[in-house]
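Step one of this worksheet: look at the structure below.
The values are calculated or read from the model by the stated rules, or taken from the named source; none is laboratory data. Since the model is a prediction, treat every value here as computed from it, not as a measurement. Reconstructed Cβ throughout: ideal geometry from the backbone, glycine too, with neighbour counts over all protein chains shown. Ligands, DNA and RNA are excluded from the accessible area calculation, which covers all protein heavy atoms including side chains. Shrake-Rupley method; radii C 1.70, N 1.55, O 1.52, S 1.80 Å.
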Amino acid sequence: MKPSGHIDKVMHRIGGEEVLKHRLRLKTTIMVVKQLALQGSSFRGHDESDDSLNPGNVLAWIGFAAKLNDQINSVVLRNAPGNAKYTSPSIQKEILGIIANRVRCKIREEIGDSCFSILVDEAVDEAGREQMSIILRYVSSSGIVTERFFALKSIADTSAETLKQAICDVLSQYDLQIEKLRCQGYDGASNMSGQFNGVKALFLRDCPYAYFVHCFAHRLQLALMTSAKVCDPIWDFFSILDCIINVVKASPKRIRELQAIHKKDLDGMLDVGEIQSGQGANQMTSLKRSGPTRWGSHYHSILSIINMFNATCVVLEDLCRSKEGEQRAQARGASKNIKTFEFVFNLHLMKGIMDITDFLCQAFQQESVDIVAAVGFVSMAKVKLQKLRDEGWDKLLQEVKSFCSKHAIEVPNMNATLGRGEKQTTLEHRYHFEYFNQCIDFQLGTLNSRFNESSVRLLQLSGALDPKSSFRSFDEENIYRLAEEFYPRDFEGNEMNCLKNELGYYADHVVHSQEYDVSSLAKLLEKLVETGMEARYRLICRLIRLVLTLPVSTATTERSFSAMKHVKTDLRNKMGDEFLADCLTIFFEREYVIGMDEDSIIDEFAKLKDRRVQLTL
């Protein structure tokens, strides 16, 4: 009879081999599930039986791995024990839950004891359920401004109380204290930014230092839409533009004809050297429809119609000869409008204006932009619009005349008189003052009303930290007041006196040093951290971090909703809320997931609950 010790060793060796098989089987599933989640792909199939020709992505990819590796093949699918296949939907969801929770914990770890801001917005998913996206904005230990998708919560209603409670539940789950909240970023909806009963007001009651910043991108959108609605020439122009694009893009046949004509035009311009060839240049395109909620899309509509003007005119002329009366009538109206001097003038006028405003649209979409830089961008845009108004008339008129000449559009006599008596004027005067000046004035007026930051003291004082133009705005007194008035909780005891002393050395060392002559506050902090100066000027750097925490826009929440549409499609509209949130977290914050160790995931999986088979020795 063998000694009991020898039997124990044999059993331990056999047990160890079984554990390794179970771990390999589970590891294969984890790698497949993780990769599918990173791509936003579906997991299950309609028929997951052994004989199914399309069993779903998880089973198909496990089978593919088995064909490439005999060791994997020996432990998965049909070669796996019935009670430990690790392919069921519940197992997949547990794995996704572990990975997503690790991502959130990693984000929480990066925040540490730092202050943070929240960006919140709501949208309806494919199943018609209201979903709330929560983004955290903070400054990392290396001084980099960061915005991270943190949670997606399904909400029963969009009342301020419900939204606030849902946000608090998420924050408390990961020990993110409301006392550390320094800013709230929402759009202008009353339930979010209401003065007395909005989410903003409810959080301010709990934390008076959780200041509110109205999304700059939303404010810009409102400003541009308002100016279009109150300025008749702009409104009429965009109505005609939308009509022309809708007529041309009404059928695939028209789009193909448009592209064929445009290609012929490009070939001709290349032959005569009017345009240059190159990688990515002169690609096949089409007219761009504008969106009702994205004013930047109007800019792309304008650029596309200018780029394909001749092709658009030819397509409309062909449609005017159509046998169908309705198509012919629509095409006649569109063709008549597009070939007028007034349309071409407004086309180039709006291009000139939106060349300036589109820069703001793009800048406000960047998560790294800081509030001081954003206010500066708005001021720059106002200056450029004013310069366009004062100095741009002659250049614009020449461009319009040149364009009309190229496309055989009649240019009216600009010296022709209009009206009688004292009201008599010239056609050029009308276009100059009733179109050109009026449109720009409306644009400037709405920007001034929507971005009147001079009345917001927090942003006014924050500008004193701006390093742009060799610290031109630097003001020790305003910086001290910024900390004293808005961040007293972050500078306690004797720290205010220390801050005043630091500012004196900071002015001599950093402000007058070429090494720190950078273009933004975010880059300044990165430079101070990189050069080790954060330890020397720790209080000033703390204040800079607090200012950088102020959000500019809710663009990251919009990106999360775009990702949600990719993950929860019409074919996957029955996804549960927790399942959707986990998939979206992995898909959106993939950089945390790609290098995640599968063996550690297995260990955590084994500890979640009692398993039918042993996964650890």
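Using the Cα centre as the reference, give the magnitude of the dipole from point charges on the C-beta atoms of region 424-481 (Lys, Arg: +1; Asp, Glu: -1; all else neutral), rounded to the nearest 20 debye.
120
Of the labelled options [x] 41; [y] 33; [z] 23, which one gives percent of Cα pairs over 48 Å apart as computed for this structure?
[y]
Within the set of other residues whose C-beta is less than 11 Å from the C-beta of Leu38, count the net charge using Lys and Arg as +1 and Asp and Glu as -1.
In short, 0.
How do the peptides 549-557, 155-163, 436-444 rank, highest first, by the average count of neighbouring beta carbon atoms within 10 Å per residue?
Final packing ranking: 549-557, 436-444, 155-163.
For the cross-link pairs Lys153/Lys180; Lys382/Lys406; Lys249/Lys401, which exceed 30 Å when the distance is taken from alpha carbon to alpha carbon?
From Lys153/Lys180; Lys382/Lys406; Lys249/Lys401, over 30 Å: Lys382/Lys406.
In the neighborhood of Pro208, defined by Cβ-to-Cβ distances under 14 Å, what is the net charge if each Lys or Arg adds +1 and each Asp or Glu adds -1?
After counting each charged neighbour, the total is +1.
With a Förster radius of 45 Å, plug the Cβ-Cβ distance of Lys253 and Cys105 into 1/(1 + (r/R0)^6) and report the FRET value to the nearest 0.05.
With R0 = 45 Å, the Cβ-Cβ based efficiency is 0.25.
Taking the Cα centre of the chain as the origin, how large is its charge dipole in debye, to the nearest 20, when only Lys and Arg (+1) and Asp and Glu (-1) carry charge on their Cβ atoms?
For this selection, approximately 1440 debye.
With every protein chain kept in the model, how would you rank Tyr174, Tyr209 by accessible area, 1.4 Å probe, largest at the top?
Ranked list, largest accessible area first: Tyr209, Tyr174.
Can you give me the solvent accessible area of Cys115 with a 1.4 Å probe, rounded to the nearest 10 Å²?
Surface accessible to solvent at Cys115 totals approximately 20 Å².
Within the set of other residues whose C-beta is less than 10 Å from the C-beta of Ile118, count the net charge using Lys and Arg as +1 and Asp and Glu as -1.
That sum, taken over residues with Cβ under 10 Å, equals +2.
Please report the antiparallel percentage of DSSP beta bridges with both residues in the chain, rounded to the nearest 5.
That works out to approximately 70 percent antiparallel.
Tally up the carbon and sulfur contribution to the accessible surface of region 15-68 as a whole percent, 1.4 Å probe, everything protein left in place.
54
Given the Cα-Cα distance of Thr531 and Ser154 and 0.36 nm per residue of separation, how much length would full extension add, in nm?
Extra length from Thr531 to Ser154 when fully extended: 131.3 nm.
For Ser470 and Gln39, what is the calculated FRET efficiency with R₀ set at 51 Å and r taken between the beta-carbons, to the nearest 0.05?
Result of the calculation: an efficiency of 0.60.
Of all the accessible heavy-atom surface of region 527-617, with the other protein chains kept in place and a 1.4 Å probe, what percent is carbon and sulfur?
Using a 1.4 Å probe with all protein chains present, region 527-617 comes out at 48 percent carbon and sulfur.
Mind checking the full-extension length gain between Ala408 and Lys607? Use 0.36 nm per residue of separation minus the Cα-Cα distance, one decimal, nm.
64.0 nm
What 222 nm value per residue comes from the helices of the chain, counting each DSSP H run with n ≥ 4 as -39,500 (n - 2.57) and dividing by all residues, nearest 500 deg cm²/dmol?
-18500 deg cm²/dmol
If you line up the long axis of helix 495-506 against the longest principal axis of the chain, both from Cα atoms, how many degrees apart are they, to the nearest 10?
Orientation of helix 495-506: about 60 degrees from the principal axis.
What spacing in nm lies between the two simple spin-label points modelled at Asn448 and Ser297, each 7 Å away from Cα in the Cβ direction?
It is 3.2 nm.
How much accessible surface area, in Å² rounded to 10, belongs to the heavy atoms of His432 with a 1.4 Å probe?
Surface accessible to solvent at His432 totals approximately 40 Å².
Heavy atoms only, probe 1.4 angstrom, no DNA, RNA or ligands counted: give me Leu571, Leu482 ranked by accessible area, highest first.
Leu571, Leu482
Taking the 0 to 90 degree range and rounding to the nearest ten, how far is the long axis of helix 309-320 tilted relative to the main principal axis of the chain, both from C-alpha atoms?
Tilt of helix 309-320: around 80 degrees.
Calculate, for Phe196 and Val383, the FRET efficiency according to 1/(1 + (r/R0)^6) with r their C-beta to C-beta distance and R0 35 Å; round to the nearest 0.05.
Computed FRET efficiency for Phe196 and Val383: 0.45.
How many Å² of accessible area per residue for the chain, probe 1.4 Å?
For the chain, the solvent-accessible area averages 50 Å² per residue.
Could you give the length gained on full extension between Glu428 and Asn69, defined as 0.36 nm per residue of separation minus the Cα-Cα distance, in nm?
So the extension gain works out to 121.4 nm.
Sort His218, His429 by accessible area with a 1.4 Å probe, largest first.
Output order, biggest surface exposure first: His429, His218.
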